[in-house]
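The values are calculated or read from the model by the stated rules, or taken from the named source; none is laboratory data. Everything numeric here is computed off the predicted structure, so don't read it as measured data. Cβ sites come from the backbone with ideal geometry, for glycine too, and all protein chains shown count toward neighbours.
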Amino acid sequence: MSLEEEPPVVSGQSLVSVQPQGDDLGTLIARTAGGEEAALAALYDSTAALVNGLVLRILGDRGAAEEVTGDVYLQVWRQAARYDETRGAPLSWLLTLARSRAIDRLRSGSSQRARTAPLRAAIALPSAEPGPEEHSHLNQRRRIVQQALARLSPDQRQAIELAYFGGLSHGEIAAALEAPLGTVKTRVRLGMLRLRELLAAAGEGAL
């Protein structure tokens, strides 16, 4: 299930009753800790709807909830080795990460809103032609992005290039690649998470 689909309502149900089926989540987390992107993809597909549903209830904003959900799985990719099954079930660990990130976003909301007006005012100003230094910086960023893209899996890189550089929708990409829509969405989402991580490591920040 993709994030674009309506998340299931889990309030009033036990986590056991909504526990995703398929591969054992603890095993997927362990494999993710070993650097297996396929395991992270499987974990995402199995649990993203629940994670997004919890974040959405806390934030009340679908766009912000999807961003935070993406951040949760990026955190899982980085910190999967820290998961200790003796301290809680895998799904409980994921939902704890989600709740923590959602609350952090909620608390930062006031400062974000305070910056909105100045940013909008700056965006409204006519932009001058970039100087030599800015051209150099843009060229450097372009090289860094290209290097990061080269480190993605071929399937993820192809999906991202079609989506962000080719301007195709997920449905159009699925038709072009003759792949299921859900598979395309997962490739784009996980590819973007990995790309954000690579750019952050290069000092360029997240997309």
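All of Leu59, Leu74, Leu97 fail the test of being under 13 Å from the mean Cα position of the chain (by Cα) and within 21 Å of Arg196 (Cβ to Cβ), apart from Leu74. Buried (at least 20 other Cβ atoms within 10 Å of the Cβ) and either of a type in the set (Phe, Trp, Tyr) or touching a residue at least 24 places away in the same chain (Cβ under 8 Å) (or both): does that describe Ala81? Considered against the rule, which asks whether it is buried (at least 20 other Cβ atoms within 10 Å of the Cβ) and either of a type in the set (Phe, Trp, Tyr) or touching a residue at least 24 places away in the same chain (Cβ under 8 Å) (or both), Ala81 comes out as no. Within the stretch 18-54, the only residue that satisfies the criterion of being surrounded by fewer than 18 Cβ atoms within 10 Å (Cβ to Cβ), of a type in the set (A, V, I, L, M, F, W, C) and either modelled with pLDDT under 90 or not assigned by TED's automatic domain parsing to the domain that holds Arg82 (or both) is Val18. Screening Leu162, Leu119 for residues that are modelled with pLDDT under 85, under 26 Å from Leu74 (Cα atoms) and either in a loop (DSSP other than H, G, I, E, B) or outside the structural domain of Thr27 (by TED's automatic domain parsing) (or both) leaves exactly one candidate, Leu162.
Identify, please: which residue in the stretch 55-99 is acidic (Asp, Glu) and assigned to a helix (DSSP H, G or I) and is, among those, modelled with the lowest pLDDT? Among residues in the stretch 55-99 that are acidic (Asp, Glu) and assigned to a helix (DSSP H, G or I), the one modelled with the lowest pLDDT is Glu85.
Exactly one residue out of Gly70, Gly53, Gly63 is small (Gly, Ala, Ser) and out of contact with any helix residue (DSSP H, G or I) (no Cβ under 9 Å at 6 or more places or on another chain), and it is Gly63.
The residue of the stretch 167-201 that is modelled with the highest pLDDT, among those that are within 20 Å of Ala150 (Cβ to Cβ) and more than 18 Å from the chain's Cα centre (by Cα), is Ile173. Considering every residue within the stretch 100-111, establish whether at least one is charged (D, E, K, R), over 27 Å from Gly26 (Cβ atoms) and modelled with pLDDT under 70. The answer is no; no qualifying residue exists. Of all residues in the stretch 140-155, those satisfying the criterion of being within 12 Å of Leu190 (Cα to Cα) and without any contact (Cβ under 8 Å) to a residue 60 or more places away in the chain are Leu152, Asp155.
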